[in-house]
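Please treat every number below as a calculation from the coordinates, not as lab data. Note that this is a predicted model, so its numbers are computed, not measured. A quick note on method: Cβ atoms are made from the backbone with ideal geometry, for glycine too, and the neighbour counts reach across all protein chains shown.
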Amino acid sequence: MAGRTELTTLETVQESRSWLFTVRDRYGEAEEAILVPCEDGVEGWINRCMHEPQRLDVGRGVAMRDEEIICPRHGSMYDACSGACDNGEAAGTRLVGVDVSVEDGRVYLTDSIYHFDHEGGLEDGGDGGEDGTEDDGGSEGPSSTSHISF
Ligand code: FES
């Protein structure tokens, strides 16, 4: 084998529920990939819905329910462990897998096609995008200095 690259820890993936990184294929093309928790550890998938080229993790973590990855565009859900989809617009498809392994609580990229490029997405460090609606604790009123319109 050509080797492996340490990505992160199993604990990090389980706590954050997804971990975004960028890989390159053998032609040097960059693709985003995600790690998601699965019953027996972690699975890696290319960060792209099979219905349309929609990112599953748009930079704020993957939306998941009952161990299924939810596509943010049309709502199809993929099994986090098998990558299979049996519902909605993407029914009958399966996510493109990225081989990873877990050893001593560390997650390694072991794929023969995809090689690690960097942590985060393709545009990591680029535009911040819209603010989410996360509000952990704190019940202060709206004190934002920016104007957000929906
Ligand atoms: S783009 Fe994902 S279900 Fe349509």
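Return the ratio Rg/(2.2 N^0.38 Å) for the stretch 5-119, where Rg is computed over Cα atoms only. Can you show the working numbers first?
Values: Rg = 13.1 Å, N = 115, 2.2 N^0.38 = 13.4 Å.
That works out to 0.98 for the stretch 5-119.
Each of Tyr27 and Arg94 was given a label point 7 Å from its Cα along the Cα-to-Cβ line. The distance between the two points is 2.3 nm. Amide H to amide H distances under 5 Å link Thr9 with Val107, where only residues 5 or more positions off or on other chains count and H is placed in the peptide plane. Residue-wise HN-Hα couplings along the stretch 5-21, as the Karplus relation 6.51 cos²θ - 1.76 cosθ + 1.60 with θ = phi - 60° gives them from phi, are 10, 6, 9, 6, 10, 4, 4, 4, 5, 5, 6, 8, 6, 6, 9, 9, 8 Hz; Gly and Pro carry x. Across the stretch 1-99, C-alpha contacts under 8 Å between residues 6 or more apart give a mean separation that, scaled by the residue count, equals a relative contact order of 20 percent. Using the crude model of +1 on Lys and Arg Cβ and -1 on Asp and Glu Cβ, and no other charge, please compute the dipole size for the stretch 1-119 relative to its Cα centre, in debye to 20. Dipole size: approximately 360 debye. Is the stretch 1-62 rounded, prolate or oblate when judged by the Cα gyration tensor, a ≥ b ≥ c being the square roots of its eigenvalues, rounded requiring a/c under 1.5 and prolate requiring a/b larger than b/c? Since a/c reaches 1.5 but b/c is at least a/b, the shape of the stretch 1-62 is classed as oblate.
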